Amino acid sequence: MSYQIKPPLKLHSLAFALILFSSVSSCGIPADGDSVGELRGTVMEVPILKPDLVLTDMEGRLYDLRAETDGYLSLVFFGYTNCPDVCPVHMATLAGVFDELAPEVRDAMKVIFVSTDPERDTPDRLRQWLGAYHPSFLGLRGEMATINSALAEMKLPGVAVVPGQHGSGPNIGHPSAVLAFGRDGLARVRYPFGARRADWVNDLPLLLSESP
Amino acid sequence: MNWWCFAQPGTAWTWQWQPLIGVWLAIVLLVWVYRRVLSRTDDSYESSRLRKSRRVAFALAIVLLWASLDWPLGPLGASYLASVHMVQFLVVGIAAPALLLLALPTAAYEPLRRYPRLIKALSDLTHPVSAFFIFNIVMTVTHWPGVVDLLMPTQMGSFVLDIAWMLGGLIFWWPLIVPVPERPGFHPLGKIAYLALNAFLIRPPFAMMIFSESPIYAIYELAPPPARDALNDQQLAGAVMKIGSAWIMFAAVLVIFRHWMLAESDRPESA
């Protein structure tokens, strides 16, 4: 019996078409398939004014949030360094974003991490933890009452301390979104957990151009 | 209790052991089927060394499958590290199917000949050209970011991906290993070319993993520690996928080449 290299034509035509399609369609699309040129963060109906907040930075100096970030696009996040999930993901994502941005965009921005666990988040701990993500990230800490007051001012839920299990430290409930304050001091867009690097890379230049 | 590992975005990794009942059942089922097939097959015509090799191949397949799908590699690969996910792919989609097919004695495939329709279907499905396309389509689709992000967060979706890998791998290796249907025209050189083409082919997901400036899979990008830099992990995953599968193909090429040479040396010289 002779062996014929004659495959079923229809199957192979379909297969070839599929591979061709997948090869072509893999070129030049955004990672998550979203549109380019439109904001991908959640646009808020009512902008949030940057809180009047004076805290302590990682060197122990006073840090006036409004004054120090005036004229910058400021990404402000409330979290804690022992956070097992949301905080490390946001910070790792933003660190990757910083590597990808043009220097002029990067220089016009500040990433501010406000600790919701000031007891455990000592200046050293903040410096070490944030430095592992990106040397430019800034950590701030202060009294819990001050933090909660700032959150209330921004109409965000306050910090909730949940006792840990099996001898572990407490878990801290905190807002999971990063707020993007424009150069004018107003946050019009927020980035909940789930915002991806491609979203940030798309949005940050837009946010800078929208608030000259 | 979970029955299959799946992605849980935003959930912190824990080293606390978790049972995956579906994985255990699948392993037990495979062992049961293998023992049943062996008990119904007369493999006494094969040398004891070959029979032993087949059992070793099966044991290796089972251990690899169990290790890659059960805790901790299962959940790590499903939810946290794309590089571990690619190690699972190498096991479930490439190495284990080859070992499982090799584990059965030739006589175990003979009963298939009793079913002409099945032979016809197998003839089409496992034709080298068909197998090449089916394998590559399955591997492309099951690594496509939209598909992975859609299916991996559910146990059923993750299970479907693993089954698709396994079936794709079985179809890929079938024309090289299984004697039914016979393919006398599939010369060893053709087999080597078949393997080499698969080793060197750049599939779209591999290109995306290596060359994309951003992480392509949401589940790994949004995974808490131990995941860290999702882009580095993704590039490592691409390297594991490409280099790992190329080495397996290369090993298979060596085996085929050796068998070919032995067959040639055994052939009586023509007068």
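Here, each number is a calculation from the coordinates, and none is a lab measurement. Computed from a prediction, not measured in an experiment: that's the story for all the values here. A quick note on method: Cβ atoms are made from the backbone with ideal geometry, for glycine too, and the neighbour counts reach across all protein chains shown.
On full extension, the segment bounded by residue B:119 and residue B:46 gains 23.9 nm, given 0.36 nm per residue less the C-alpha separation. Of A:165, B:91, B:179, which is farthest towards the positive pole of the protein assembly as shown's charge dipole, taken about the Cα centre with +1 and -1 on the beta-carbons of Lys, Arg and Asp, Glu respectively? Result: B:179.
Could you tell me how far the Cα centroid of region B:1-75 sits from the Cα centroid of region A:125-185, in Å? After rounding, the separation between the Cα centres reads 45 Å.
The charge dipole of region B:21-266, taken about its Cα centre with unit charges on the Cβ atoms of Lys, Arg (+1), Asp and Glu (-1) only, comes to about 840 debye.
Couplings 3J(HN,Hα) for region A:133-138, derived from phi with the Karplus relation 6.51 cos²θ - 1.76 cosθ + 1.60 (θ = phi - 60°), are 8, 7, x, 8, 5, 10 Hz, where x marks Gly and Pro.
Annotation: peptides B:71-80, A:167-176, ranked by per-residue average of other Cβ atoms within 10 Å with the highest first, follow the order B:71-80, A:167-176. Note on residue B:229 and residue A:54: with the Förster distance fixed at 56 Å, the Cβ-Cβ geometry gives a FRET efficiency of about 0.95. Lysine pairs in the protein assembly as shown whose alpha-carbon atoms fall under 28 angstrom of each other, counting only those eight or more residues apart or on distinct chains, come to 10. Between residue A:110 and A:73, A:74, A:75, the built amide H atoms are under 5 Å apart, and every one of these is 5 or more places off in sequence or on another chain.
In nm, to one decimal, how far is the modelled label at residue B:67 from the one at residue B:25, with both set 7 Å along Cα→Cβ? Label at residue B:67, label at residue B:25, 2.6 nm between them.
Counting Cβ atoms of other protein chains within 10 Å of each residue's Cβ and taking the mean over peptide B:180-187 gives 2.
Quick check: net charge around residue A:122, other residues with Cβ under 13 Å of its Cβ, Lys/Arg +1 and Asp/Glu -1? Before the final figure, lay out each step's value.
Numbers: positive: A:120, A:125, A:127, A:141; negative: A:57, A:59, A:117, A:119, A:121, A:124.
The answer is -2.
Our coupling estimate for region B:44-55, obtained by passing each phi through the Karplus curve with A = 6.51, B = -1.76, C = 1.60 and θ = phi - 60°, is 5, 6, 7, 5, 4, 5, 5, 4, 5, 4, 5, 5 Hz, Gly and Pro reported as x. Remark: mean inter-chain Cβ contacts per residue of B:136-145 equal 3, using a 10 Å Cβ-Cβ cutoff to other protein chain atoms. Calculated FRET efficiency, residue B:250 to residue A:160, Cβ-Cβ distance, R0 = 41 Å: about 0.15 to the nearest 0.05.
Relative to its residue count, the protein assembly as shown spans a Cα convex hull of 182 Å³ per residue.
Between the Cα long axis of helix B:155-177 and the first principal axis of chain B there is an angle of about 30°, rounded to the nearest 10. Where in region A:163-194 is the amide nitrogen less than 15 Å from a point lying 7 Å along the Cα-to-Cβ axis of residue A:119? It comes to A:163-165, A:167-173, nothing else.
Ranked by the mean number of other Cβ atoms within 10 Å of their residues, highest first, the peptides B:9-20, A:187-198, A:39-50 fall in the order A:187-198, A:39-50, B:9-20.
Could you work out the relative contact order of region B:21-266? I mean the mean sequence separation of Cα pairs under 8 Å and 6+ apart, divided by the number of residues, in percent.
The normalised contact order for region B:21-266 reaches 24 percent.
Note on A:88-96: average number of Cβ atoms from other chains within 10 Å of each residue's Cβ is 5. The residue list A:102, A:144, B:140 was ranked by how far each Cα lies along the charge dipole of the protein assembly as shown toward its positive end, using unit charges on Cβ atoms, and B:140 comes out on top. Per residue, the average separation of C-alpha pairs within less than 8 Å and at least 6 apart gives region B:1-154 a relative contact order of 29 percent.
Taken one residue at a time, the phi angles of region B:31-37 give Karplus couplings (6.51, -1.76, 1.60, θ = phi - 60°) of 5, 4, 4, 4, 5, 5, 4 Hz. Gly and Pro are set to x.
Around residue B:93, what is the net charge, scoring Lys/Arg as +1 and Asp/Glu as -1 over all other residues with Cβ under 14 Å from its Cβ? Net local charge, residue B:93 excluded: +1.
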